[in-house]
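Here's the structure we're looking at; comments come further down.
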Amino acid sequence: MAKNYAAELKDLIETAEANGWKYIGNNTVRRMVEHQTPGFVQQNGWWAGSTYASLEFMSFVFPLITGRAPKVVHGTSNVPWTTRRDDRISYRRAVELLAQPVHLSEIHDH
């Protein structure tokens, strides 16, 4: 019997809410953490707000063939004054990130 990745992912996402992940639709989850904007950033005009959010998302693209793992795009933006980065990661890595507490994330720990 083929593995049901969609059902597994639904369960993983529900559990991952404790780690800051939120389902936003279209097989995509994200987590954001608010930070205080450093003074030098405001002084240089890179970001005017007193706070900013680091952002991380994962989009899951399911293949037409049942039983195959979805492709995963992992997007990150540590700070809004730099470019967002998108990478393709394995489903296994996505599962690890869903289980990772937000305070252990390199994306949000700054």
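The values are calculated or read from the model by the stated rules, or taken from the named source; none is laboratory data. Only a predicted model underlies this, so the values are computations on that prediction, with no experimental measurement involved. Using ideal geometry, Cβ is built from the backbone for each residue, glycine included, and neighbour counts are taken over all protein chains shown.
Confirm whether ALA7 is in contact with a helix residue (DSSP H, G or I) (Cβ under 7 Å, 6 or more places away or on another chain), farther than 18 Å from LEU104 by Cα and surrounded by fewer than 12 Cβ atoms within 10 Å (Cβ to Cβ). Against the criterion (in contact with a helix residue (DSSP H, G or I) (Cβ under 7 Å, 6 or more places away or on another chain), farther than 18 Å from LEU104 by Cα and surrounded by fewer than 12 Cβ atoms within 10 Å (Cβ to Cβ)), ALA7 does not qualify. The condition (being loosely packed, with under 11 Cβ neighbours inside 10 Å and β-branched (Val, Ile, Thr)) is satisfied by just one residue among ILE65, ILE13: ILE65. Filtering segment 48-97 to residues that are under 26 Å from ALA6 (Cα atoms), modelled with pLDDT of 95 or more and among the polar types (S, T, N, Q) leaves SER59, THR76, SER90. In segment 68-82, the qualifying residues are those that are among the β-branched types (Val, Ile, Thr) and under 16 Å from LEU9 (Cα atoms), and the one that is surrounded by the fewest Cβ atoms within 10 Å (Cβ to Cβ) is VAL73. Applying the condition of being touching a Phe, Trp or Tyr at 6+ places or on another chain (Cβ under 9 Å) and in contact (Cβ under 8 Å) with a residue 40 or more places away in the chain to segment 33-43 and asking which residue is farthest from LEU98 (Cα to Cα) yields VAL41.
Do we have VAL102 as touching a residue at least 24 places away in the same chain (Cβ under 8 Å), surrounded by 11 or more Cβ atoms within 10 Å (Cβ to Cβ), of a type outside the set (D, E, K, R) and within 19 Å of THR15 (Cβ to Cβ) here?
Working: touching a residue at least 24 places away in the same chain (Cβ under 8 Å): yes; surrounded by 11 or more Cβ atoms within 10 Å (Cβ to Cβ): yes; of a type outside the set (D, E, K, R): yes; within 19 Å of THR15 (Cβ to Cβ): yes.
Here the answer is yes, as VAL102 does meet what is asked.
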